[in-house]
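A.B. asks: Have a look at this one.
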Amino acid sequence: MTRLRDKVAVVFGGARGIGLATVKEFLAEGATVYASDIREPAEEIDGYRHSTVDATDESQVDAFVREVIAEQGRIDVLFNNVGIHLGKPLADTTLAEFDNIFALNVRAAFLGTRAVLPHMIERTAGSIVTTSSNGGVMGRPGDPVYNATKHALVGMMKSVAVAHAHQGIRANTVNPGAIDTDMLRGTLASAEEFEAKQHQLVASTPAARVGEAWEVAKAVVFLASDESRFVNGVVLPIDGAKAAGAMPGNRYSLDFELGVR
Ligand SMILES: NC(=O)c1ccc[n+]([C@@H]2O[C@H](COP(=O)([O-])OP(=O)(O)OC[C@H]3O[C@@H](n4cnc5c(N)ncnc54)[C@H](O)[C@@H]3O)[C@@H](O)[C@H]2O)c1
């Protein structure tokens with residue numbers, strides 16, 4: 001498959017989960033891929049460069065982007081995927097936790113986007129895709145500050161789209177629902193807790209299942225490719241219809257039977 005043939009793609013947060021799945025899909029579609037993460041990749045894959053970059057560090061982000069441009073002469077695709085979760089009621093969230101999650105989730109996408117924008121403006125071409133969440137378009141009771149960061153990313157990408165569409169630049173978000181990754185599992189204390197939580201996630205997802213990382217990656221490929229060349233400033237849910245509307249009461253009742261509030 002060659003939907004990204006001749007494209008140079010930069011990925012922030014590419015070592016595991018949705019990021020790593022996207023690296024694989026980008027490679028399968030013929031892209032030249034420069035991935036980065038604060039950690040080493042969870043799997044060894046041939047055919048791309050992985051660099052250790054803290055996406056919240058201005059000088060590291062700028063240097064990484066400069067290096068790709070120096071080697072390849074261009075960047076066609078930016079995928080801002082770095083994120084951490086915070087599953088706490090607002091009243092229990094400390095100021096340090098609030099500052100930390102904004103300094104990671106929002107700052108990383110800001111730095112990545114700012115680093116590539118002048119180059120994309122000069123070339124009058126480029127696709128920026130940022131991972132938000134279905135918590136970026138709807139309220140959820142369990143993770144209000146995380147959701148605030150994900151709403152911020154939607155606002156940032158829409159604004160970049162409006163500001164730079166006339167210069168050939170696109171900026172869109174993918175908004176996953178519950179996806180089976182380390183993040184989803186890592187927020188839970190044990191395998192038993194994950195099993196119990198899965199019932200809740202399934203009950204609140206019209207598709208009645210959690211998603212897989214590759215299902216998000218396929219949507220990122222679409223937004224990165226020229227197939228979506230007139231798609232700009234959109235929020236693309238990949239969530240089994242979770243953000244599309246309220247579930248019937250009988251499905252919610254499953255949560256209550258399980259004692260999950
Ligand atoms: N899994 C889900 O259910 C879900 C749902 C909605 C949105 N998301 C979003 O998807 C994105 C990817 O999450 P995931 O589920 O694949 O989780 P993940 O934890 O597997 O991936 C997050 C990646 O970000 C990297 N990272 C964290 N801090 C970093 C830093 N300072 N610099 C560079 N890299 C850093 C991690 O090392 C990791 O590789 C996140 O933005 C997350 O908020 C996930």
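A.B. asks: Would you point out which residue out of S51, S59, S36 is within 11 Å of the ligand (Cβ to nearest atom) and more than 16 Å from the chain's Cα centre (by Cα)?
C.D. replies: Result of the check over S51, S59, S36: S51.
A.B. asks: From (1) without any contact (Cβ under 8 Å) to a residue 24 or more places away in the chain; (2) part of a loop (DSSP other than H, G, I, E, B), pick out the condition that doesn't hold for L86.
C.D. replies: So the condition that L86 fails would be (1).
A.B. asks: Here is a list of conditions, (1) in contact (Cβ under 8 Å) with a residue 40 or more places away in the chain; (2) buried (at least 21 other Cβ atoms within 10 Å of the Cβ), and V33 meets all of them except one; can you say which number that is?
C.D. replies: Every condition holds for V33 apart from (1).
Here is a yes/no grid of residues against (1) over 22 Å from N172 (Cβ atoms); (2) of a type outside the set (S, T, N, Q):
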position: M1; (1), (2): no, yes
position: A9; (1), (2): no, yes
position: A28; (1), (2): no, yes
position: A31; (1), (2): no, yes
position: I38; (1), (2): yes, yes
position: E44; (1), (2): yes, yes
position: I101; (1), (2): yes, yes
position: R107; (1), (2): no, yes
position: T113; (1), (2): no, no
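A.B. asks: In the list F26, F98, which residue meets the criterion of being more than 19 Å from the chain's Cα centre (by Cα), surrounded by 15 or more Cβ atoms within 10 Å (Cβ to Cβ) and in contact (Cβ under 8 Å) with a residue 12 or more places away in the chain?
C.D. replies: F98
A.B. asks: May I pose another question? Considering only region 121-135, how many residues are within 17 Å of G19 (Cβ to Cβ) and either assigned to a loop (DSSP other than H, G, I, E, B) or within 11 Å of the ligand (Cβ to nearest atom) (or both)?
C.D. replies: Total satisfying the criteria: 4.
A.B. asks: Let me ask another. Please state which of the following conditions H164 fails to meet, knowing it meets all the rest: (1) away from the ligand (no atom under 14 Å from the Cβ); (2) open to solvent by 50 Å² or more (accessible area, probe 1.4 Å); (3) over 20 Å from the mean Cα position of the chain (by Cα).
C.D. replies: Here H164 clears every test but (2).
A.B. asks: May I pose another question? Out of region 167-195, which residues are open to solvent by less than 50 Å² (accessible area, probe 1.4 Å) and at pLDDT below 85?
C.D. replies: Listed by number, the residues that qualify are L184, L188, S190, F194.
A.B. asks: If a residue must be more than 14 Å from the chain's Cα centre (by Cα) and assigned to a loop (DSSP other than H, G, I, E, B), how many such residues does region 1-23 contain?
C.D. replies: Adding up the residues that qualify gives 7.
A.B. asks: For region 45-61, which positions are part of a helix (DSSP H, G or I) and surrounded by 15 or more Cβ atoms within 10 Å (Cβ to Cβ)?
C.D. replies: Of everything in region 45-61, those that are part of a helix (DSSP H, G or I) and surrounded by 15 or more Cβ atoms within 10 Å (Cβ to Cβ) turn out to be Q60, V61.
The values are calculated or read from the model by the stated rules, or taken from the named source; none is laboratory data. Predicted model, so just to flag it, every value in this text is computed and none were measured. With ideal geometry, Cβ positions are generated from the backbone for all residues, glycine too; neighbour counts draw on all protein chains shown. What goes into the accessible areas is simple: the full protein's heavy atoms, side chains included, and nothing from ligands, DNA or RNA. Shrake-Rupley method; radii C 1.70, N 1.55, O 1.52, S 1.80 Å.
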